[in-house]
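Shown next, in C-alpha cells, is the structure this report addresses.
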Amino acid sequence: MSSPTGSRGTATGTCKINVSLLSHTNVGKTTLARTLLRQDIGEVGDRPHVTEVAESHVLIETPAGDSLILWDTPGFGDSTRVLKRLQQGDKPIGWFLSRVWDRFADRPFWCSQQAMHNARETSDVVLYVVNAGEPPSSVGYVDAEIRILGWIGKPVILLLNQLGPPRDSAQSQDDVTQWQAHVAQYKWVETVLPFDAFARCWVQEGTLLAQVQRVLAEPRQLAFGRLRESWRERNLAVFRDSMRTLADQVAAAAVDVESVQERDIQGKARAWIGSVATGVESNDPGLERAQASLAGRLDSNIRATTAKLVELHGLTGRATDEVLKRMGSEFTVDRPADADKASVLGGLLSGALGGLAADLGAGGLTFGAGALIGGVLGAFGARGIAKAYNLARGANTGTVRWSREFLFARVAAALMRYLAVAHFGRGRGQFVSGVAPAHWQEAVQQALGRRKASLDAVWAGTSASGQVALSAALLPLVTASAQEVLLYLYPDVSHVFE
C-alpha cells in the first residue's frame, strides 16, 4: 500500500485533502481515476480485483502548495463478509484475522479490507462509484457497501458510472432520482451525481469539486477553494486554446481558394454541344480538380485540428476519416464568363440581352453587372461583352471556394467535434469520434442560429481579410457558442465560466 498522505495543514497554511474512490470490484474506479487524472494509472481489465492496493495520485495542486490527493483503491468483493470482518476489528481475534490471516488465506478479501482501513485513516471525502446500468434495488451488494461507508465515517458522494452515451439532463435526472430515493436512509451519503468515466464532460468535474468542498469540514473549505480555482484556471486555459484551434480551422477553410483550369475551345465546344444534345451539362474536369483540392486540404486540416484537441485534453488517438460528401451548396464558383460560350449565345441576342448571355456564361448570376455592361457595350458583340464582364469582375481566371452555407456548417461541425473530445473519458483508450447525440446537435444549432447574422458578416469580409484577422473575428463567436452549449447541457456549471 502506498504510504498515507497526511491531510493536516502545514505551518504555512497549506493543506493536503484526500479523496478516496471506492466501489464494488470491476465497476470502473480506475477508469474514472484515469479520466480525472488525465494519465494512465493502475491497470484496467474486465475481471474482478484488478487493483490490489490503494494508490495515491496528485489530482490538483495550487501555487501556494495545497494539493488534492486521489486514492484509487481495491474494489469490494464479498461486501457482507467484509462488513462483518471490519466490525470485528476492535477485538483481538478480529484484528488478527483482518490484518494477518486474510492476507495469506484470501488476498482479494484482505485487499478489500485494507482499502476500507486506508479510507478511514486518510480520507476527507469518499467517492462511491456505482453501475448506473443496474437498478439499485436489484444489486444486493450496494446496501452492504453503503453500510461499510458508514463504518468509515466520512462524507460520501455517490457517483453514477456506466451511464452509456451522453444523454440530456432530464434522462440523467431520472437515474439520479432513483438512486437518491434508494440511499435516502443512509445519512452519510451527501449527494448523488451523474459522472460517467467514459462520457463525462470536463465541466462536470467542476460540479463534483463544488460538492466535495461543500461536505468538507469548514476549516478545510478555504484551502479547497484555492484548489478549485487552480482546477478552473487549468481547464479554462484548455478551453480557450481549443476555441482558438477551432477558429483557426474554420478561418483556414474560409480563405482557401483554388484556381479553375479552363477547358480549351475544343473541350468547351464538345461539352456545350453535348449539353444541347442530351439536355445534361457535362462535368467540368477543371472544376472537379479544384473542388477535390479544396476538399483534401479541408480534410487534412480537420485531422490536424482533432489531433490538437485530443492533445489539449490529455487524451491519445487520431482523427477518424471524415468523408466530405459532395453537395451543391458546398462550393461557390467564381469564374470568368466563358467568352466562347457567350459568342454562341450572343449570336441570338444583342444589347442588354447580350449582357445576360455573359451572365449565363459565368454560371448564372443576377441581372446586375452583366446586363449593365451589355447595355453599354452591346456594339462590341457578345464575345467582347464577356471579356468586359471578366475585366469588371477582376476575374481573369476562375476560382472556387467554400460557400457561406458550408462554412456555417463547418462551425457547427467544429463545435460537435469539440464536444466529442471534451466528453471522452481516458479510460476508453484512444480517441475515436462516434455518432453525436441528437441533443448536442440541437444545442449547437440553436447557439449558432442566434449568431448567424454575425457569422454572415464575417463571411462577407472574407475576401478583404487574411486568415489571422478572420480567425480573430470568429474566435468570440465560437467561444460564446461553445459556452452557451455547455451551459445548456449542464445548467449547474455556470460557476466554471464566471
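Modelled label positions at residue 218 and residue 441, each set 7 Å beyond Cα in the direction of Cβ, lie 5.2 nm from each other. With a Förster radius of 45 Å applied to the C-beta separation of residue 64 and residue 289, the computed FRET efficiency comes to 0.15. Computed extension length for residue 178-residue 304: 41.1 nm, one decimal, from 0.36 nm per residue of separation with the Cα-Cα distance subtracted. If a spin label sat at a point 7 angstrom from the Cα of residue 233 along the line to its beta carbon, no backbone N atom of the stretch 186-215 would be nearer than 14 Å.
Charge dipole of the stretch 175-222 (Cα centre as origin; +1 on each Lys and Arg Cβ, -1 on each Asp and Glu Cβ, all else neutral): 120 debye, rounded to the nearest 20. A Förster distance of 35 Å, applied to the separation of the beta-carbon atoms of residue 495 and residue 467, puts the FRET efficiency at 0.50. Footprinting exposure proxy ranking of 117, 24, fewest other C-beta atoms within 10 angstrom first, gives 117, 24. Fewest-first ordering of 416, 243, 116 by other beta carbons within 10 Å of each residue's beta carbon gives 416, 243, 116. Multiplying the residue separation of residue 121 and residue 399 by 0.36 nm and subtracting their alpha-carbon distance yields 93.0 nm. Legend: ranking of residues 125, 156 from fewest to most surrounding C-beta atoms inside 10 Å; resulting order 125, 156.
Bear in mind these aren't lab numbers, they're just calculated from the coordinates by the rules spelled out. Since we're looking at a predicted model, the values are computed, not measured. Cβ sites come from the backbone with ideal geometry, for glycine too, and all protein chains shown count toward neighbours.
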